[in-house]
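To start, the structure under review is shown below, and the notes come after it.
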């Protein structure tokens, strides 16, 4: 059974600070890793994808992957109230049409 | 370019009724997916279609059927709805053939209540 674990939160972070979201996965063969943002009542929206060990930066967002530790993280710098949402970690075996395995999500609250 | 569209947005059914959820994508993607999202459970895969003409079961297929009507459209049918199928249903699509991206893009969702 493939599993993706996230702390459900809520994670409360002051505006302007760095928010750190973490995710672990059980399937060592996983190749593709995604972070989605989901506002209440809305659909998941892709924030970042990462495929190789190390860091990947896109604006205020940095994804980090460590396949040896089966660990993925998302850092949000200069957090804004508009970043308040649930962040979903998703894992894919790579190279085909299989579905994503999702964590249950971390509820992030940015305090003005 | 609308991306992934779903109809209806909301639906209330009585136990035992049937209905079909529709999904269409205009990104020329090969693969399409149906997920359900329940409070505290995260998103779970119901069925997927790797390419036109093929479908496969996901994690929670019981009580559902699917049809890949053509490359653009993938429908989900509940033959005899049960209260346990009350959920939010999301359709997604991706390129997902060899060499293509496995990133999945989601539709706006259908909120289904079964009484």
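The values are calculated or read from the model by the stated rules, or taken from the named source; none is laboratory data. Computed from a predicted structure; not experimentally measured. Virtual Cβ from ideal backbone geometry, glycine too; neighbours counted across all protein chains shown.
Would you check if there is a residue in the stretch B:41-62 being more than 12 Å from chain A (Cβ to nearest Cβ), at pLDDT 95 or above and either under 12 Å from the mean Cα position of the chain (by Cα) or not in a strand (DSSP E or B) (or both)? Within the stretch B:41-62, one or more residues are more than 12 Å from chain A (Cβ to nearest Cβ), at pLDDT 95 or above and either under 12 Å from the mean Cα position of the chain (by Cα) or not in a strand (DSSP E or B) (or both). Set side by side, the residues B:5, B:15 differ, and just one is farther than 24 Å from residue A:38 by Cα, in contact (Cβ under 8 Å) with a residue 40 or more places away in the chain and in contact with a strand residue (DSSP E or B) (Cβ under 9 Å, 6 or more places away or on another chain), which is B:15. Can you spot a residue in the stretch A:6-27 that is within 14 Å of another protein chain (Cβ to nearest Cβ), within 10 Å of the chain's Cα centre (by Cα), at pLDDT 95 or above and not in a strand (DSSP E or B)? Checked the stretch A:6-27: at least one residue is within 14 Å of another protein chain (Cβ to nearest Cβ), within 10 Å of the chain's Cα centre (by Cα), at pLDDT 95 or above and not in a strand (DSSP E or B). All of (1) free of Cβ contacts under 8 Å to residues at least 60 places away in the same chain; (2) part of a strand (DSSP E or B); (3) surrounded by fewer than 14 Cβ atoms within 10 Å (Cβ to Cβ) hold for residue A:65 with one exception: (3). Residue A:70 meets each of the listed conditions (1) under 15 Å from the mean Cα position of the chain (by Cα); (2) within 14 Å of chain B (Cβ to nearest Cβ); (3) touching a residue at least 12 places away in the same chain (Cβ under 8 Å) apart from (2).
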